[in-house]
1. Would any residue of region 167-193 have its amide N under 16 Å from a label point 7 Å out along Cα→Cβ of GLN158? List them or say none.
2. Kindly provide the Kirkwood hydrodynamic radius of region 3-44 in Å, to one decimal, from all pairs of distinct alpha carbon atoms.
3. For the chain, just run the numbers: alpha carbon Rg, then divide by 2.2 N^0.38 Å, N being how many residues it has.
4. Using 0.36 nm per residue, how much length does the chain from PHE183 to ASP72 gain when fully extended, once their Cα-Cα distance is taken away?
5. Tell me the angle of helix 187-196 to the major Cα principal axis of the chain, expressed in degrees between 0 and 90 and rounded to the nearest ten.
6. So what is the relative contact order for the chain, in percent, with contacts set as C-alpha pairs under 8 Å and at least six apart?
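FYI, it's all coordinate maths here, none of it is from the lab. Computed from a predicted structure; not experimentally measured. Neighbour counts run over all protein chains shown; Cβ positions are idealised from the backbone, glycine included.
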Amino acid sequence: MTPRERLIEAGLRLLEQDGPEGLQARKLAAEIGASTMAVYTHFGGMPGLYEALVREAFVQFGGRLGEVERTDDPIADLLALGFAYRDHALAHPQRYRLMFGVSAPGTGAKFGQGLTTHGAGTGLAEADATFEQLVELVQRSMAAGRIREDDVASAAGQVWSVIHGYVLLELAGVFGPDGDGVFQIYAPLAINLLVGLGDDRDETVRSARAAVQTQPPV
């Protein structure tokens, strides 16, 4: 592992341990037994380190979503992806907040373009690779006739907004500490969105039940 990779690994570890306040050049350098100059040598300063952490966080995030099994039911897969999204965010809350600039202004992903103006992609390759998994499942859902054929990026953006919005509220403690909001809030909200996008409600509910079956026991 190179010094740069070790600094990124140490940064993610300190972030989860101490929050964004733990991301200090001195502390990071001490974690790998180097001087503070290492941060400036490899990243040009803290802003460069923040960007590297965000990029790596998206890579790991995308890896987790990629573990979701793809079946012959694209709507069930889409909902299962949402569960995996939530699980990863809750397992790495500080990292998730950093990725989207929630924990510290100016530290989140630098999206170079908008989904609504460019049709697809954000301009950050690692985030785009994650988003493409969602786009692929939306395309499959359209091809299967489960949701109406429409602008794919727009539909995927709506699904992303539901998942992301719910996760941020759960991280803030709005739905309590026991995860009850998953079935009382997130699942019904996702079902309502998919029905609004054209799926039959009974079919959506069946797919939701199939997605729940893929979740590990609590």
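1. Inside the label zone: 188-193.
2. When all Cα pairs of region 3-44 are included, the Kirkwood radius is 9.9 Å.
3. Its radius of gyration relative to the 2.2 N^0.38 Å reference: 1.10.
4. 37.6 nm
5. With both axes taken from Cα atoms, the answer is about 60 degrees.
6. RCO, the chain: 19 percent.
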